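Heads up: the structure comes next, in structure tokens.
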Amino acid sequence: TYLWRALGVAVAGRLDPDGEIFSWMACVALAMIAGLVARMLVEPVGVLATTSLLERLGATACGLVMYFVFTRRNLLAGVLSGCVAIVLLQLLR
């Protein structure tokens, strides 16, 4: 393992964190996350499949509004508000 650690240190010093390779990897990672979230909304499995599409979209909208508008990009607040919204929508059903 020491060989791989040494190679990692040697290569890491030459990498540009603002380079095109890292930008491409970030874009691929974001695209994969967006695809997984879209799949969870459109074709859910498990307990989430018992909710309607409107409930899932409403909870998603609530989380996005909280994230972008009210808390200025606080991820924890966005996720928690989306979770609370879907639970409340299920209780009100």
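The values are calculated or read from the model by the stated rules, or taken from the named source; none is laboratory data. On a predicted model such as this, the values are computed, not experimentally measured, just so you know. Reconstructed Cβ throughout: ideal geometry from the backbone, glycine too, with neighbour counts over all protein chains shown. Quick note on the areas: whole protein, heavy atoms, side chains included, nothing else; ligands and nucleic acids left out. Shrake-Rupley method; radii C 1.70, N 1.55, O 1.52, S 1.80 Å.
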Seminar exercise, completed: In terms of the alpha carbon gyration tensor, root eigenvalues a ≥ b ≥ c, rounded if a/c is under 1.5 and otherwise prolate when a/b exceeds b/c or oblate, the stretch 1-51 is oblate
Seminar exercise, completed: Measure of exposure for VAL37: accessible area at 1.4 Å probe, Å² rounded to 10, is 70
For this session: Could you please state how large a percent of the accessible area of the chain is carbon and sulfur, counting protein chains only and using a 1.4 Å probe?
Result: 74
Exercise. In percent, how large is the relative contact order of the stretch 39-84, given Cα pairs closer than 8 Å and 6 or more residues apart?
Worked result: 31
Exercise. What is the chain's relative contact order, in percent, from Cα pairs under 8 angstrom and six or more apart in sequence?
Worked result: 19
Exercise. Ranked from the most accessible area to the least, with a 1.4 Å probe and all protein chains present, what is the order of THR1, THR51?
Worked result: THR1, THR51
Seminar exercise, completed: Full extension between ALA10 and ARG72 adds, at 0.36 nm per residue less the Cα distance, a length in nm of 18.4 nm
Exercise. According to the Kirkwood expression over distinct Cα-Cα pairs, how big is the hydrodynamic radius of the stretch 13-86, in Å?
Worked result: 14.2
Seminar exercise, completed: Between the alpha carbon centres of the stretch 61-93 and the stretch 24-54 the gap in Å comes to 16
Seminar exercise, completed: Simple SL model, points at 7 angstrom along Cα→Cβ for LEU88 and PHE22; separation in nm is 4.0
For this session: Subtracting the Cα-Cα distance from 0.36 nm times the residue separation, let me have the gained length for LEU80 to LEU48 in nm, one decimal.
Result: 9.9 nm
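Considering only the other residues whose Cβ falls under 15 Å of the Cβ of MET40, what net charge follows from Lys and Arg at +1 and Asp and Glu at -1? Don't jump to the answer; show the numbers that get you there.
Details: positive: ARG39, ARG56; negative: GLU43, GLU55.
With Lys, Arg at +1 and Asp, Glu at -1, the net is 0.
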